[in-house]
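Undergrad: Here it is: the structure, laid out below.
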Amino acid sequence: MWAFLDGEFVQEKERLVQLENRGLTFADGLFEVIRTLEGRILFFEDHYSRMKKSAEFFNIEMRFPSEEARRIAVELVKRNGIEDGELYIELTRGTDPHRDHRYPPKETRSTFFMLALPLRKIDSTSWRDGVKLLTYPDLRHGLCEHKTINLLPNVLAKNFAYARGGYEALMFRESNGKKYATEGGSSNYFFVKDGVFYTPEVDNILSGITRGKVISLVEDLGYEVVEKRIALEEFFNAEEVFLASTVSRVMPVRAIDDVSFEVCGKHTAKVMRAYEDLFF
Ligand code: PDD
């Protein structure tokens, strides 16, 4: 399999990243996961401009303009013969031999790489039967609007869910003794109550590309979408729940902890159908 690293296409044995890379020592970097479908790359500009905005925020050099990055991505997907797959992009602050928290000297180049991988396996019955979520505290930092490679709390939350037969975690933060839903380890959430769609507002959570597409689509279908701070118990009292992410697309939820929901209720079914028809 080919990868793209800092300006060239390389094979496995040539993938040389220094051990002192700040991505490894400080998780000082950003990433994107982009879906490919029949060799096409979906929503590339949306993902790349999210990375660019965060790179500006953290002052990390973005080495390739969007058009060039897209050309590289197309070539990589083609070289690896990927039809339905995932394009992974990572950008770090580069290699710093002294492992100093201080930003490295100006001449230090950022590290940029792309992988094009086959789609991870998800049991296709999940879209029919729904998936289970387990609630777990959101232990992350205050920079969750950025897609940083600092993912240890997400890994913890998701593995808490996996160990209990779940598909994802539903993370929450506590404020004044009340629990508020945030997002999943790698997905955003929606619920439906009385024909209205609700989703946590973007307040220290990732503004998912899929979340954005779903909001527009749900509004186009004539529904109201409310983005607000959402108490965990509002999720428990929902009629239908679903998650949204690049890899899971629109995925119905059958249970959160021990509370069950109607799977693919009429509103969720409409959104799933519309999302698939539009983009897949
Ligand atoms: N994760 N929230 C978090 C914390 C995420 O990591 C992701 C994406 C999402 C959904 O965002 P989008 O619709 O842009 O994919 C929400 C990717 C898929 C991953 O880590 O594999």
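The values are calculated or read from the model by the stated rules, or taken from the named source; none is laboratory data. The structure displayed is predicted, hence computed values, not measured ones. FYI the Cβ positions are ideal-geometry reconstructions off the backbone, even for glycines, and counts take in every protein chain you see.
Undergrad: Hey, among Ala255, Ala231, Ala244, which residue is within 16 Å of the ligand (Cβ to nearest atom), among the small types (Gly, Ala, Ser) and either at pLDDT 95 or above or in contact with a Pro (Cβ under 7 Å, 6 or more places away or on another chain) (or both)?
TA: Ala244
Undergrad: Take Phe280 and decide whether it is at pLDDT below 95 and within 16 Å of the ligand (Cβ to nearest atom).
TA: The answer is yes for Phe280.
Undergrad: Give the residue, chosen from Phe236, Phe190, that is within 25 Å of Leu278 (Cβ to Cβ) and either more than 10 Å from the ligand (Cβ to nearest atom) or surrounded by fewer than 20 Cβ atoms within 10 Å (Cβ to Cβ) (or both).
TA: Phe190
Undergrad: Same structure, new question: Looking at region 208-226, is at least one residue under 21 Å from Cys144 (Cα atoms) and away from the ligand (no atom under 16 Å from the Cβ)?
TA: Checked region 208-226: at least one residue is under 21 Å from Cys144 (Cα atoms) and away from the ligand (no atom under 16 Å from the Cβ).
Undergrad: Tell me which residues, restricted to region 45-79, are part of a loop (DSSP other than H, G, I, E, B), modelled with pLDDT of 95 or more and either under 16 Å from the mean Cα position of the chain (by Cα) or surrounded by fewer than 18 Cβ atoms within 10 Å (Cβ to Cβ) (or both).
TA: Listed by number, the residues that qualify are Asn59, Glu61, Pro65.
Undergrad: Can you find a residue in region 137-155 that is within 15 Å of Phe235 (Cβ to Cβ), outside any strand (DSSP E or B) and either among the charged types (D, E, K, R) or in contact (Cβ under 8 Å) with a residue 40 or more places away in the chain (or both)?
TA: yes
Undergrad: Scan region 80-99 for residues that are surrounded by 15 or more Cβ atoms within 10 Å (Cβ to Cβ), at pLDDT 95 or above and not small (Gly, Ala, Ser) and jot them down.
TA: Asn80, Ile82, Glu86, Leu87, Tyr88, Ile89, Glu90, Leu91, Thr92, Arg93, Thr95
Undergrad: Which count do you get for residues in region 18-50 that are over 29 Å from Ser248 (Cβ atoms) and of a type in the set (A, V, I, L, M, F, W, C)?
TA: Count: 2.
Undergrad: Among the candidates Lys266, Lys178, Lys213, Lys228, which residue alone is of a type in the set (D, E, K, R), loosely packed, with under 14 Cβ neighbours inside 10 Å and under 23 Å from the mean Cα position of the chain (by Cα)?
TA: Testing whether each residue is of a type in the set (D, E, K, R), loosely packed, with under 14 Cβ neighbours inside 10 Å and under 23 Å from the mean Cα position of the chain (by Cα) leaves just Lys228.
Undergrad: Also, quick follow-up: Do we find that Thr36 is more than 16 Å from the ligand (Cβ to nearest atom), polar (S, T, N, Q) and touching a strand residue (DSSP E or B) at 6+ places or on another chain (Cβ under 8 Å) in this structure?
TA: So Thr36 does not fit the description; no.
Undergrad: Filter region 127-175 down to residues that are of a type in the set (S, T, N, Q) and more than 15 Å from the ligand (Cβ to nearest atom) and give me whichever is nearest to Ala269 (Cα to Cα).
TA: The selected residue is Thr135.
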